[in-house]
Amino acid sequence: MTNLRNCLAKATVLTVAILKTCHGFYVPGVRPHEFLPGEEVPMKVNAMTSIHTQLPKDYYRLPFCRPTGGPKMASENLGEFLTGNKIQNSPYSINMLREVYCQVLCQVTLSKVDAHTLGTHIKYGYHNNWIIDNLPGASVGLTGSGTAQKHYAGGFPIGFIAQDTKEAFVYNHVNIVLEYHNPEGKEGHRVVGFAVEPMSVAHSYAGGYVWDGESSEGFTK
């Protein structure tokens, strides 16, 4: 697990993209996009939310991985902005029918201020709210008995507080699972389900390799 005790620790974000075929339904008034095999499936990030503060916070307020060229607004309409939503693009690379495992997204060195800010948001129970093709991401987690369970409201937490030490741990690894459907007579595929399984991993490279967070070599280790 990756905790925030060492405020200068490097946090590496890993992603796994898993695709599942299924049958699904479509929300009236929302036209789904048909993605061709290999086509990019954009993932957007909305403002973070917490049931403890009721105050949405900009996703990039925290030291998360940023897209090349910086984050850009990606709201679908004015109503989303007026209701407190702040939808922006993300650096995640997802392609239809293409599964990837342990893909490094970025490595961030946290300053004392960054670590404190991140830990504070974890303690207040802030959740990430990710979106793919107008579908909000479900959260995959474990119940008290160790059974996997999906939650379809409120996004997924950015981290957790250890019950024994009360330390803050950040979720720096995510499994992204997309469910898709191929409509009869159509070449493309529609995303009909989207879930995120967050994990906290104390990541290290084989052979003692140390990545500077910038060189291209680190993305293939």
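The values are calculated or read from the model by the stated rules, or taken from the named source; none is laboratory data. Given the structure is predicted, the values throughout are model-derived calculations rather than measurements. All Cβ positions, even for glycine, are placed from backbone atoms using ideal geometry, and neighbour counts span all protein chains on display. For accessibility, only protein heavy atoms count, side chains too; no ligands or nucleic acids. Shrake-Rupley method; radii C 1.70, N 1.55, O 1.52, S 1.80 Å.
Restricting the search to the stretch 166-185, which residues are assigned to a loop (DSSP other than H, G, I, E, B) and out of contact with any Ser or Thr (no Cβ under 6 Å at 6 or more places or on another chain)?
The answer is 166, 167, 182, 183, 184, 185.
Only one of 95, 128, 89 is under 30 Å from residue 180 (Cβ atoms) and in contact with a helix residue (DSSP H, G or I) (Cβ under 8 Å, 6 or more places away or on another chain); which?
One residue alone meets the criteria, 128.
Mind listing just one residue for me: the one in the stretch 112-128 that is open to solvent by less than 30 Å² (accessible area, probe 1.4 Å) and out of contact with any Lys or Arg (no Cβ under 8 Å at 6 or more places or on another chain) and, of those, nearest to residue 46 (Cα to Cα)?
My answer is 128.
Across the stretch 20-49, what is the number of residues that are of a type in the set (Gly, Ala, Ser) and either within 15 Å of residue 180 (Cα to Cα) or modelled with pLDDT of 95 or more (or both)?
Residues of the stretch 20-49 that are of a type in the set (Gly, Ala, Ser), as a first pass: 24, 29, 38, 47.
Now narrow it down to the ones that are either within 15 Å of residue 180 (Cα to Cα) or modelled with pLDDT of 95 or more (or both): 24, 38.
Here the count works out to 2.
Starting from residues that are aliphatic (A, V, I, L, M) and open to solvent by 20 Å² or more (accessible area, probe 1.4 Å), keep the ones in the stretch 80-111 and report whichever is modelled with the lowest pLDDT.
82
If I go through the stretch 135-165 residue by residue, how many of them are outside any strand (DSSP E or B) and either among the aromatic types (Phe, Trp, Tyr) or surrounded by 15 or more Cβ atoms within 10 Å (Cβ to Cβ) (or both)?
5
So which residues in the stretch 200-210 are open to solvent by less than 60 Å² (accessible area, probe 1.4 Å) and in contact with a strand residue (DSSP E or B) (Cβ under 6 Å, 6 or more places away or on another chain)?
Selection gives 200, 201.
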